[in-house]
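What follows is a set of notes on a single structure, which appears directly below.
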Amino acid sequence: MQKPLIVANDLGYGNLKMTIDEKRIFQPTVISPIDQAYDDTIDHTDSEAVKNTVDDLLNQMNVEIDGAHYLVGNAAQNSTIERISTDINARSGKAHTEAAKLVPLSTIAAQVVKKAYDEGEDIFSPLSATVIMAASLPIEDIENNPDDREYYQNIFVKNNHIVVFRNFDYKISVTIRFKSVQVYKEGEVALAVAIKYANNQLKKYFEDYISKQKLTMATDDLGVNGTILGIDIGFETTEFALLVNGRADAFNSNSISKGYGNVLASAWRYLPKIAQGYTVKDVVAFKKLLNSNPTTKIQKENQEFALKAEQTAMPALNRSIISNLNAILGTTDDLRTIYLYGGGSIPLVEKADLIDQINASLQNYRSDAPVIWLGEKFSPIANLMGLEILAKALAKTLNKS
């Protein structure tokens, strides 16, 4: 009997963070529909070309799902055809975006192909996998639309899914069956699971951070008891997860529909105004420009323009975060700790003064709660770490039943 894959699916509006049987995989949440067929396939009898493509398959996901053809993830981000990323102005929740289904399915299927190839199987014969998955959605999506949780579960569990890779002249078919999918709240899984049950690496990070920042709290008491707040800054949403004695406070936990994607979108629109008309194709290209390694004078100047545009767009997001924090501080007694995480926290801490602003708000509300930032290493994967624990627990429970 085939052993189920244990999957943690932290689908961000900007990037997918996924763990499949202990292997962490990162993909941009981007797809490119291919409307016109093109013939650019690899000879499946060329063993060296097959090996090179399979080894790099997670960057070359050229797939057919439900009869439609797409480039997915890195393959879409690096393509020149139309890219569809998440719409930061859309009113429908994350579960209803095309990428919420296509990017996880493609990533799981690619890993199935890679595993089969490494184990000496014929990848051009039909492949299959059974999956147990823990996933998450924004707090706001679940609170405002409780049916979204079941909707997202059913996307996966109601039907088997066939992912066809069209990289070769002979197609590869992967059938995926989801045995169980559980959907949790973003922000909360980081706070109530990953931080509460911190592994040794995360514990060591906390000890070093507390010492370096000279915070007045014991390293053996990370605030998992009492009232603690997690601020999870993502691409399109910022989650404010409040726990009281380890249990979620559903009445005061909330989201705002703003994240670092709003900064990028605003900065991208502003770029031509400060760069003598220079611009790039879309927000995805703008993000790539910010993170590029320029080597020529023009490239360096273009990146400097992008960085200046980014700086102009940060204050609006900071104000929204602080405004929502102040509302929570006004209704919360004896807050013990604030944890700050999410990929969007990194630029707001390193390029702006978000932690100083949070501390100023705490002082205004006469609170001495320390602010602990999870840093570059752990901030982007805090929710994923929680989902990894939950996925393993779910698999263990199913094995007993």
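Cβ-to-Cβ counts within 10 Å put Arg83, Arg177 in ascending order as Arg177, Arg83, the fewest first. From the residues Trp373, Ile6, Leu387, which one has its Cα farthest along the dipole of the chain in the positive direction, the dipole being from +1 and -1 charges on Cβ of Lys/Arg and Asp/Glu about the Cα centre? Of the listed residues, the answer is Trp373. Where both bridge residues fall in the chain, DSSP classifies roughly 60% of the beta bridges as antiparallel. Using the average count of surrounding beta-carbon atoms within 10 Å as a protection proxy, the listed peptides 298-305, 136-143 rank, highest first, as 136-143, 298-305. Evaluated with a Cβ-only charge set (Lys, Arg +1; Asp, Glu -1), the chain carries a dipole of roughly 600 debye about its Cα centre, given to the nearest 20. The angle separating the long axis of helix 99-118 from the principal Cα axis of greatest extent in the chain is about 60 degrees.
Can you run the Rg to Rh ratio on the stretch 5-185? Use alpha carbon positions and the Kirkwood inverse-distance Rh. Don't skip to the end; give the middle numbers.
Working: Rg = 16.0 Å, Rh = 16.7 Å.
Value, to two decimals: 0.96.
Which chymotrypsin sites (Phe, Trp or Tyr not before Pro) in the stretch 1-86 pass both tests, a DSSP loop state and at most 13 other beta-carbon atoms within 10 Å?
Tyr38
Considering only alpha-carbon pairs that sit under 8 angstrom and 6 or more positions apart, the relative contact order computed for the stretch 5-185 is 26 percent.
When the C-alpha to C-alpha distance is required to be over 25 Å, none of the pairs from Lys196/Lys377; Lys17/Lys196; Lys300/Lys351; Lys17/Lys203 qualifies. If you take all other residues with their beta carbon under 12 Å from the beta carbon of Leu16, and give Lys and Arg +1 and Asp and Glu -1, the sum is +3. Considering only Cα atoms, the convex hull volume of the chain works out to 163 Å³ per residue.
Projecting the Cα positions of Ile155, Gln111, Val54 onto the charge dipole of the stretch 5-185 (unit charges on Cβ atoms of Lys, Arg, Asp and Glu, taken about the Cα centre) puts Ile155 furthest along the positive direction.
As a proxy for reagent exposure, ranking Ser292, Ser180 by other Cβ atoms within 10 Å from fewest up yields Ser292, Ser180. Pairs of Cα atoms nearer than 8 Å and 6+ residues apart set the relative contact order; for the chain it is 17 percent. Computed from Cα positions, the angle between helix 297-329 and the longest principal axis of the chain comes to roughly 50 degrees. Diagonalising the gyration tensor over the Cα atoms of the stretch 255-373 and scaling each eigenvalue by 5 before taking the square root yields semi-axes of 34, 13, 11 Å, largest first. Computed packing ranks the peptides 252-259, 237-244, 42-49, 168-175 as 237-244, 252-259, 168-175, 42-49, most packed first, by mean other Cβ atoms within 10 Å. Computed from the C-beta positions of Ser323 and Gln2 and an R0 of 41 Å, the FRET efficiency is 0.20 to the nearest 0.05. Helical content alone sets the calculated 222 nm signal of the chain at -12500 deg cm²/dmol, taking -39,500 (n - 2.57) per DSSP H segment of four or more residues and averaging over every residue.
Taking Cβ atoms as reference points and 13 Å as the exclusive limit, the residues near Gln77 contribute a net charge of +2, counting Lys and Arg as +1 and Asp and Glu as -1.
This model, with +1 at the C-beta of Lys and Arg and -1 at the C-beta of Asp and Glu, gives the stretch 233-309 a dipole about its Cα centre of some 320 debye. Taking the C-alpha atoms only, the angle from helix 200-212 to the longest principal axis of the chain is near 40 degrees.
Placing unit charges on the Cβ atoms of the charged side chains and taking the dipole of the chain about its Cα centre, the candidate lying farthest along the positive direction among Asn254, Ala265, Phe165 is Asn254.
Put the Cα centre of the stretch 110-149 next to the Cα centre of the stretch 342-401 and the gap is 24 Å. Taking the Cα centre of the stretch 5-185 as origin and assigning +1 to Lys and Arg Cβ atoms and -1 to Asp and Glu Cβ atoms, the resulting dipole is close to 600 debye.
Throughout, read-outs are computed from the coordinates displayed, never taken from laboratory work. Since the structure is predicted, the reported quantities are computational estimates derived from the model, not experimental observations. A quick note on method: Cβ atoms are made from the backbone with ideal geometry, for glycine too, and the neighbour counts reach across all protein chains shown.
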